[in-house]
């Protein structure tokens with residue numbers, strides 16, 4: 001019996017002393033960051049509210065003129081607007097376009113920008129000059145202004161919003177992927193793979209892309225915050241989500257009109273927008289730190305002591 005117990009204890013000791021994988025170290029770093037945990041909790045709450053909006057809120061378009069401009073109360077937690085609509089329900093439903101446009105527009109940016117950046121950085125020559133020149137032209141316009149131009153020309157819809165904001169963020173991913181590829185393509189293992197006859201697609205897919213994805217993930221997390229902010233700005237200007245559908249941007253626009261009489265109409269959706277954007281920015285900073293090889297190595301050394 002004692003031999004069995006000592007054997008189990010020995011195995012447990014060996015497992016405890018076994019080195020952890022880089023993924024486990026990164027996860028521990030993320031969970032040890034209090035700001036990152038708060039950001040994750042806020043993002044999770046926003047996602048859950050968006051998914052279960054029909055179960056936690058009323059119809060956001062239901063009007064009751066007799067209850068117009070009611071202050072926050074037990075019946076209407078965030079008060080009512082000038083049409084008597086429940087502001088709490090409209091804020092909850094406003095999470096849907098914010099998250100959808102934020103996530104999908106960044107996905108569009110990555111799908112377009114990353115391959116262009118990889119090709120420009122790896123191939124060089126006239127292709128690099130052409131792509132870089134196009135990116136420089138796009139960067140001469142502020143991202144919001146470029147999205148505003150696209151929406152004004154094409155028209156306002158959810159698909160157009162995603163495309164407009166996604167295209168406006170493409171130069172960021174092109175430049176980041178290109179700069180990382182310029183460094184990696186000169187490394188010895190890439191040159192060896194090229195010498196052994198590996199195809200260009202194989203080198204990009206197996207050797208370069210896995211080594212540039214870290215910074216791109218960080219940029220994607222930060223870009224989601226920017227895309228949510230830009231969707232709200234376009235809706236505020238009347239070029240995004242159209243009434244009676246709810247968006248944080250058009251809620252703020254409607255609230256500005258009655259800011260002195262009913263300040264909660266603009267302040268509450270404005271606070272929700274600010275907190276959500278801040279959560280994504282905090283998470284992006286934390287992801288950047290844990291994907292830094294120097295931070296990962298220093299953490300592993302500290303844990304090993």
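Read-outs throughout are calculated quantities, based only on the coordinates presented, and are distinct from any laboratory measurement. It should be emphasised that the depicted structure is a prediction, and the values quoted were computed from it without experimental measurement. Neighbour counts are summed over all protein chains in view; Cβ atoms, including those assigned to glycine, are modelled from backbone coordinates with ideal geometry.
Give me 76, 202, 207, 169 ranked fewest to most by other Cβ atoms within 10 Å of their Cβ, as a rough exposure proxy. Let's see the in-between values first.
Working: 76 21, 202 12, 207 18, 169 27.
Placing the least packed residue first, the sequence is 202, 207, 76, 169.
Where does helix 34-51 land angle-wise versus the long Cα axis of the chain, in degrees 0 to 90, nearest 10?
50 degrees
If one takes the longest principal axis of the Cα atoms in the chain, at what angle in degrees, from 0 to 90 and to the nearest 10, does the Cα axis of helix 158-184 lie?
Roughly 20 degrees between the two axes.
When Rg and Dmax of the Cα atoms in Å is calculated directly from the model, which label among (i) 21.4, 77; (ii) 19.4, 61; (iii) 24.7, 80 fits?
(iii)
Nearest 10 degrees is fine. How inclined is helix 2-17 to the longest principal axis of the chain, computing both from alpha carbons?
The angle comes out at about 70 degrees.
Sort 110, 104 by Cβ crowding within 10 Å, fewest neighbours at the top.
Listing 110, 104 from fewest to most nearby Cβ atoms yields 104, 110.
In deg cm²/dmol and to the nearest 500, what is the mean residue ellipticity at 222 nm of the chain if only DSSP H runs of at least 4 residues count, each as -39500 (n - 2.57), divided by the residue total?
-25000 deg cm²/dmol
Quick one: 77, 264, 126, fewest Cβ neighbours within 10 Å first, how do they rank?
If I rank by nearby Cβ atoms, fewest first, I get 126, 77, 264.
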